[in-house]
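Student: Dropping the structure in here first, questions after.
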Amino acid sequence: MTKPLSVVVAGGGTAGHISPMLAIANAVREMEPESRIVAVGTASGMETRLVPEAGYDLEFVDRVPMPRKPTVDLLKLPVRLRRAVNQGREILRRNDADVVVGVGGYVCTPMYLAAAQEKIPVVIHEANQRPGLANKVGARRAAVVATAFEGTPIPHGQHVGMPMRPQISGCDRAAERAGARQLLSLQEDVPTIIVTGGSLGAQNMNRTISDVVERPEWQESGVQMLHITGRGKQLLGADGAPLETPGYHQVEYIDGMENVYAACDLLVARSGAATVSEVAAVGCPAVFVPLPIGNGEQSLNAKDLVDSGAGLMVEDKKFTADWFVDNVLPTVTDQERLDRMSSNGYRHGIRDAAQHMARLIAQSARHEGSA
């Protein structure tokens, strides 16, 4: 009789790491219901809320960031890393782990080192087109290195796509549109734009939308917009109350992006790896406004999709009210163009990445052949 799998999944900090990690965990559990799955994160990340909500046990190791400049923190790094690795080894022993699955973030470096010391195989999923430091280092000795995007420059990478929740990978936009618009308090038969800067919002995008809805071109467009501002970032009118204008609606947060994808005709969003992959999977036309900070991975994430004709891309500093009026409004009211964008995106989408990862994890844990 085959021993139930014991899987330790590691990652955290942001939803971009946690969402694929949980999608992988769910796929493993669906494939092998008897498996034991424990997540490892840090005490300061979003995983402290999202992992328990998803029904998984969560254990912690110390956060060990890599100092970018020579400082006192750099001198303390070996001691901090050794302590975090020892914490990781204790977690692996306590859970009799068969495999460690890492998706990136501060927690992964000590967990990869702990797994090496305990002689436990490592499976890595790299979500971004430009890989993070932890995964680049871990990939050198990993049993499997999977990537969300083709051509990601990481050792031994194989392209599997982005693991995502089945509510998204199985989203039928046409069939679910009416229900999603009703749920989001949107009119059913009006061209619809949904704007989101991500879970934390986006200051410049919000400022641009504030300018757009004051423009006569917007007020005469016959288009409706749902603006997801981010928590604590509501747009306010001159009277200090939440901004209200015909056709414009705002909320701080929406739980369930599948409803957003189904409800909108055109999405305006940052180009995080998860967003780009989900947009393709469901065939949602999109305008990408890459985050201007970081190492430029957001522009790379969206490039192939934009080149295929599935979306538009504009630099953050060029995402102005004029650009919006000249580019977004004509696109959302051109049904033929929207249909082409949707078809082009859907052809690029990968909808079974979580299941593929689950098979790779089981095979690596049991030292079987490749999937």
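The values are calculated or read from the model by the stated rules, or taken from the named source; none is laboratory data. Remember, predicted model here, so these are calculated numbers, not experimental data. A quick note on method: Cβ atoms are made from the backbone with ideal geometry, for glycine too, and the neighbour counts reach across all protein chains shown.
Student: Got a number for residues in the stretch 346-371 being out of contact with any Ser or Thr (no Cβ under 6 Å at 6 or more places or on another chain) and assigned to a loop (DSSP other than H, G, I, E, B)?
Tutor: So the count comes out to 9.
Student: Here's another thing I want to ask about it. Which one is nearest to the chain's Cα centre (by Cα) among residues in the stretch 1-34 that are closer than 19 Å to residue 127 by Cβ and surrounded by fewer than 24 Cβ atoms within 10 Å (Cβ to Cβ)?
Tutor: Residue satisfying both the conditions and the ranking: 16.
Student: Any idea how many residues of the stretch 98-151 are hydroxyl-bearing (Ser, Thr, Tyr) and at pLDDT 95 or above?
Tutor: Count: 2.
Student: Do any strands (runs of 3 or more DSSP E) entirely within the stretch 102-186 hold 1 or more residues that are touching a residue at least 60 places away in the same chain (Cβ under 8 Å) and farther than 23 Å from residue 343 by Cα, and if so, which?
Tutor: Where strands (runs of 3 or more DSSP E) fall fully within the stretch 102-186 and carry at least 1 residues being touching a residue at least 60 places away in the same chain (Cβ under 8 Å) and farther than 23 Å from residue 343 by Cα, they are 122-126, 144-147.
Student: Look through the stretch 148-166, keep the residues that are out of contact with any strand residue (DSSP E or B) (no Cβ under 6 Å at 6 or more places or on another chain) and of a type in the set (Gly, Ala, Ser), and return whichever of them is surrounded by the fewest Cβ atoms within 10 Å (Cβ to Cβ).
Tutor: So the residue we want is 151.
Student: Please go through the stretch 123-175 and pick out each residue that is in contact with a Gly (Cβ under 9 Å, 6 or more places away or on another chain), among the charged types (D, E, K, R) and closer than 20 Å to residue 105 by Cα.
Tutor: Correct list: 126, 130.
Student: With respect to residue 80, determine if the residue is among the charged types (D, E, K, R), touching a residue at least 12 places away in the same chain (Cβ under 8 Å) and over 23 Å from residue 355 (Cα atoms).
Tutor: The answer is yes for residue 80.
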